[in-house]
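What follows is a single structure, written as C-alpha cells, with notes after it.
The values are calculated or read from the model by the stated rules, or taken from the named source; none is laboratory data. Predicted, not measured: the structure shown is a model, and the values here were computed from it. We place every Cβ from the backbone using ideal geometry, glycine too, and count neighbours over all the protein chains shown. The protein model used for the area step is the full one, side chains on, heavy atoms only, and it has no ligands, DNA or RNA in it. Shrake-Rupley method; radii C 1.70, N 1.55, O 1.52, S 1.80 Å.
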Amino acid sequence: MPRAIVLVLDSFGIGAAPDAARFGDAGADTLGHIAAACVSGELDRGPLQLPNLARLGLFHAHAEATGQVAAGVELIEQPEGAWAHAAERSTGKDTPSGHWELAGVPVLEDFGYFPDKTESFPEELLEALIRRAELPGVLGNCHASGTEIIERLGAQHIETGKPIVYTSADSVFQIAAHEEHFGLDRLYRVCEIARELLMDDRVGRVIARPFVGDVDSGFQRTGNRRDYSLEPPAPTVLDKLLDAGGEVLAIGKIGDIFAHRGVSRVIKADGNEALVDATLAAMDEAGERSLVFTNLVDFDMLYGHRRDTAGYAAALEAFDRRLPEIIERLRPDDLLILVADHGCDPSFEGSDHTREFIPVLALGAGLPAGSLGRRESFADVGQTLAEHFGLPPMDAGLSFLPLAKARLEQLHKLRDRAYAPYSGFTVAALIETRNGHWFGGCNVETAHYKSVCAEASAISAMIAAGEREIRRVHILAPGGRLCAPCGDCRQRLLEFSGPDARVHLLDNHGMTIEDHAIAELLPAAFVPDDLD
Ligand SMILES: O=P(O)(O)O[C@H]1O[C@H](CO)[C@@H](O)[C@H]1O
Ligand SMILES: [Mn+2]
C-alpha cells in the first residue's frame, strides 16, 4: 500500500515566475542568487554543494525554470529523480496559499492585506482587540521584520505591557510578546481573539511570535510560534486521504497551516535538524496509506526573510547532508516529493517572499527519472498524491505519475483490438470521468471509409453507462507517437467536458508527451448554448 513523504523547503524558489513582475519580484531567483553569491567571493566560501539534491534533479529543474545553469554548478549527466519546476496559480505568494495549492486547492480569491507601511491596521480593529483582550494598548502597528521590531520595541513592550503588532506584504497579523513578562498562554489568547476579529477580512494568518531575553543580552524569538490560519476553501488531498481511512502526519507548522483540517497527528519540532529527525521517526512508524508532510521553516524564517544569503546556503547544505537518510528509509511503494511553497530570495530588496517557480523533485512509486517539465500549478502535487493514494481526483492539477500499470495495459489491449485494415493506424482512448470511472474505445474503420475514432467509441461507452462528464482522456497512438484528437472528436469531447478537463497524449510507457485543456483544443467552439 502506498505512502508518501512530502517535504516543503519553505521559501526555496528556483527563479522568477512568469507573473513575478505583478508582485514586484521580476528577476528574483532564490537558488540562483544563493549559488551566485557562493562563487562571487563575497561570502568568503566556495561553491554551493548540494550533491544529493542535484542527484534528484534540482539544478536541472532550476536550469529549465530560468534558462541558465546555476553559478558554480556542473549539471550531472543522469539525475535519479524526476524533476520539474512549478508555477503558482493562487493569487498570493504566502505560506497558506502555497501549501493549500500543493495539497490540490489553489486559492483564486484574494486574502485581506494591510498595505499601509505605517498605521497599518484599522483603528476599529485595534480598539476591538484592546477592549476584548483587556490590553493597555498595542505597539508597532506597521510593516516590519519580526526580529528587528522586537529589538526596537522589546524594552518598551516589557515596560508598558503592550504587545507588538505588525504585518508584511503577506496576509498576516502578527503579535509579538515576551514569554515571561506578558505570558505565553496570554499571547495565544490574544491571538485567538484577533483571529476571530479578522475572519471577515479574510486575513490568512494571525501569528503568535513569543520571545525571551532582555535589553542587555538582546531578545530572541522562541520555537513557541503559533499560526492561526484560515481554513482551506475546499477539501484538500489531506482531507480526502483522511476520509478514505488514511493517515496524515503533520510535522512542523503543517498542522497550523491547514487549520488542523485533514491532519491525524501534529508533530512539532524546533529547527530544520529536529524537523528532519521527526520526519525520519515518522517514516519509521507511519502505516500504510499515510502521508508524512513536513515543513522545513528555517530556510524562510531564519534566512530568507532575514536576507541572510550565507545562512541560507549553509542551511541548504545541511539539509542536503541529511537527504540520504530520508532516501534510505523509502519503502518500495513510497513516493518522496520535495517542494517549496514560494520563494524568498535572500539577495532581494525588502524582506518579503518572492513570486517564483518552485522545484518539484520526486522519487519512487515507479516514477521514471527525467524531466517532468513546467507544471502550470503547484496543484499537480496534490493531484499526484490523490492518484498515488487511489483517491477521487482533485478538481485542480495534473498528476505527473505515469498512467497506472493496469490502465496502461488496458490501453495497449484496446489499441491491439482496433479495427483499422485500411489505414493501419490503430488508436486507443481511455476516458476517466468526474466520478472516477473509466471507459475505453478504439477506432473502427469500414469499407466506405467513414470510420469511428477511438475517442468517439469511448464516449459512446461512457454515455451508454449513464455517465456524462469527462475529466481526462488518455490517448495512445501507433508506436506511442503523438496523436491529437481530430476536429470532430474535439467537438465531441467538448460536449462532455468541464473547463478543467484535459486530454493526455501518451507514449507506450504511459508517460504524457503532451497534455491540453480540452477547451483549448477547440477555440471559438460551437457549444450547446449557441442553440438557444
Ligand atoms: O519577519 P517575520 O516576523 O519573520 O515575518 C515573516 O514571517 C511571516 C510568515 O511567514 C511573513 O509574513 C513575514 O512577515
Ligand atoms: Mn515566509
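So for the chain, Kirkwood radius off the Cα pairs, Stokes-Einstein at 4 °C and 1.567 mPa s: how many µm² s⁻¹? Estimated via Stokes-Einstein, D reaches 52 µm²/s.
Given a 1.4 Å probe and the protein chains as shown, Glu42 ends up with an accessible area of around 140 Å². Solvent exposure of the chain, expressed per residue, is 41 Å² of accessible area, with all protein chains present and a 1.4 angstrom probe.
Based on Cα contacts under 8 Å between residues 6+ apart, segment 123-228 shows a relative contact order of 24 percent. Checking the cross-link filter: which aspartates and glutamates have an alpha carbon closer than 16 Å to that of Lys117, excluding same-chain neighbours under 8 positions apart? Hits, sequence-local ones excluded: Glu148, Asp170, Glu349, Asp352. With only Cα atoms counted, segment 123-228 has Rg and Dmax values of 12.6, 41 Å.
Accessible surface ranking for Glu495, Glu64, Glu123, 1.4 angstrom probe, highest first: Glu123, Glu495, Glu64. Expressed to the nearest 5 percent, the antiparallel share of DSSP beta bridges inside segment 123-228 is 50 percent.
Surface composition of the chain: carbon plus sulfur atoms contribute 50% of the solvent-accessible area (1.4 Å probe, protein chains only, all chains present). Taking the average, over residues, of other Cβ atoms within 10 Å as the packing measure, peptides 361-369, 74-82 rank 361-369, 74-82 from highest down. The relative contact order of the chain comes to 19 percent, based on Cα pairs under 8 Å that sit 6 or more residues apart. Asp256 contributes about 10 Å² of solvent-accessible surface, heavy atoms of the protein only, 1.4 Å probe. Along segment 237-250 the Karplus relation, 6.51 cos²θ - 1.76 cosθ + 1.60 evaluated at θ = phi - 60°, assigns HN-Hα couplings of 5, 5, 4, 5, 5, 5, 4, 8, x, x, 10, 10, 9, 9 Hz to successive residues, with x for each Gly and Pro. At the residue level, Thr160 shows approximately 50 square angstrom of accessible surface with a 1.4 angstrom probe and all protein chains present. Of the residues Arg407, Arg321, Arg55, Arg471, ranked by 1.4 Å probe accessible area with the largest first, the sequence reads Arg321, Arg55, Arg407, Arg471.
For segment 187-340, the gyration tensor built on C-alpha atoms gives an oblate shape. Its axis ratio a/c (a ≥ b ≥ c) is at least 1.5, and a/b is not larger than b/c.
Cα-based values for segment 370-475, radius of gyration first and Dmax second, are 15.6, 48 Å.
For segment 70-193, the alpha-carbon coordinates run over 62, 35, 28 Å along the three principal axes, in decreasing order. Remark on Leu335: its backbone amide H falls under 5 Å from those of Arg3, Ala4, Ile5, a criterion applied only to residues 5 or more positions apart or on other chains, H modelled at 1.01 Å from N. Across the protein chains, with a 1.4 Å probe defining accessible surface, the residues Lys405, Lys413 rank Lys405, Lys413 from largest area downward. Across segment 405-531, Cα pairs under 8 Å and at least six residues apart give a relative contact order of 20 percent. The lysines within cross-link reach of Lys405, meaning a Cα-to-Cα straight distance under 26 Å and a gap of 8 or more places when in the same chain, are Lys240, Lys413. The phi torsions of segment 215-232, fed into the Karplus equation with coefficients 6.51, -1.76 and 1.60 and a -60° offset, translate into couplings of 4, 5, 8, x, 9, 10, 6, 10, x, 8, 3, 9, 9, 10, 9, 5, 7, x Hz, rounded to whole numbers, with Gly and Pro shown as x.
Placing +1 on each Lys and Arg Cβ and -1 on each Asp and Glu Cβ, with no other charges, gives the chain a dipole about its Cα centre of roughly 1360 debye. Relative to the Cα centre, the charge distribution of segment 123-228, modelled as +1 at Lys and Arg Cβ and -1 at Asp and Glu Cβ, gives a dipole magnitude of about 240 debye. Over all projection directions, the Cα-based convex hull of segment 405-531 averages an area of 8.0 nm². For segment 153-279, a crude dipole built from +1 on the beta carbon of Lys and Arg and -1 on the beta carbon of Asp and Glu, taken about the Cα centre, is about 200 debye to the nearest 20. Most simply put, the chain has about 50% antiparallel DSSP beta bridges, counting only bridges with both residues inside it.
Phi angles across segment 373-382 convert, under the Karplus curve 6.51 cos²θ - 1.76 cosθ + 1.60 with θ = phi - 60°, into 3J(HN,Hα) values of x, 8, 9, 6, 8, 4, 5, 4, 5, x Hz, Gly and Pro given as x.
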